1. Enter the accessible area per residue of segment 228-301 (Å², integer; probe 1.4 Å; all protein chains in place).
2. Within the set of other residues whose C-beta is less than 10 Å from the C-beta of N95, count the net charge using Lys and Arg as +1 and Asp and Glu as -1.
3. What is the sum of charges, Lys and Arg at +1 and Asp and Glu at -1, for the other residues whose Cβ falls under 15 Å from the Cβ of E172?
4. Order the peptides 198-207, 45-54, 4-13 from the highest to the lowest mean number of other Cβ atoms within 10 Å of their residues.
5. Pop the C-beta distance of S32 and I122 into the FRET formula with R0 = 41 Å and round what comes out to the nearest 0.05.
6. Given the pairs K135/K220; K2/K35; K2/K135; K153/K216, which span a C-alpha to C-alpha distance of over 22 angstrom in this model?
7. State, to one decimal in nm, how far the label point of M93 lies from the label point of N218, with both points 7 Å from Cα in the Cβ direction.
8. Please work out the average accessible area per residue across segment 13-78, using the 1.4 Å probe convention, and give it in Å².
Amino acid sequence: MKEIPIYLFLGFLESGKTKFIQDTLCDARFNSGEKTLLIICEEGVEEYEPTLFTGSNVTLKVIEDISELTAKNLSAFQKECSAERVIIEYNGMWNTDDLLSNLPKGFTVVQCMMFADASTFINYNANMRNQTVDKLRVSELVVFNRMTDSIDKEELHKIVRGVSRRCDIAYEYTDGHVEYDDIEDPLPFDIDAPIIKIEDTDYALWYRDLLEETEKYNGKKVKFRGIAAYDNRMPDNTFVAGRHVMTCCIDDVEYSPIVCICKNKHSIQSRDWLMVTGTIKVEYCKFYRGKGPVIHIDEIAVTSPPQQELATFY
């Protein structure tokens, strides 16, 4: 089956998605005649001008309800115009999982960008945090347009980094020039220390970094506080320990643990608060259904809960 590349553009209404896509399709370096399907899931003030596209093989399809975004429909749209690629301007109020989980076989997202009006983004984040997180967590690049010198870059940077350390950030100013984010973002713990000590307030950040860049922790010794979980399906020398992490709101709290292996049989009970010290090894584990970080325990002790039991990024 031929792979169909998907270019996915995210952002709230009037965030600049349409203008960027219009400009891209007017650029012969990107649009030189490839058969392209443009799926529009949100119509704002700015409208497309297909007569200005450099290629003449762009087919527009408007989606008015998320129920239309089925694998069957997407496949039919693509076959109808024999599209070699698909561009999707996604609705800012729809969850990205509703799209990504319904892509037909062979449809592959090769680029995902988020656009945001720098002058309104902080308010959107405060009032619709879950939708902001939903977009940032899957984006490779976020473009803050309508940027001015009066807008605090560090505040925008902090919001993005609270969700993803991998997402690049660009600031497009009202005069047309673009600056790329170069704000240093050091981790709040020393990864080269003999023992990486994770403070209670830093668990969420550390856990995300561990999952995103697992290999850099291979062979590192770590110490952290977490709550244990164990059931009889696990070997008697194995349990998991972690924290309940909130990414954006109370509705998305998730237990985020790491597999721990003791040298001998343990007496750990589920919901024990533990201080765990051990060496991380990246290895196959059934819990991860593949390779993942496994802590080989050096020391373990039952302890009291942290002052704030729920781990957050702030």
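The values are calculated or read from the model by the stated rules, or taken from the named source; none is laboratory data. Keep in mind that what you see is a predicted model, and the values were worked out from it rather than measured. Positions of Cβ are backbone-derived with ideal geometry, glycine not excepted, and every protein chain shown enters the neighbour counts. Just the protein is used for accessible areas: all its heavy atoms, side chains included, with ligands, DNA and RNA removed. Shrake-Rupley method; radii C 1.70, N 1.55, O 1.52, S 1.80 Å.
1. Working: 4170 Å² over 74 residues.
Dividing the accessible area of segment 228-301 by its residue count gives 56 Å².
2. On the way: positive: K135; negative: D97, D98, D134.
Local charge sum for N95: -2.
3. Working: positive: K17, K19, R146, K153; negative: E14, D23, D117, D149, D168, D175, E179, D181.
Cβ neighbours under 15 Å give a net charge of -4.
4. On the way: 198-207: 18.7, 45-54: 12.0, 4-13: 21.1.
Result, highest mean first: 4-13, 198-207, 45-54.
5. Numbers: r = 39 Å, r/R0 = 0.95.
Once the sixth-power term is evaluated, E becomes 0.55.
6. Details: K135/K220 32 Å; K2/K35 14 Å; K2/K135 28 Å; K153/K216 29 Å.
Check vs 22 Å cut-off fails for K135/K220; K2/K135; K153/K216.
7. Roughly 4.7 nm, to one decimal.
8. Averaged over the residues of segment 13-78, the accessible area is 54 Å².
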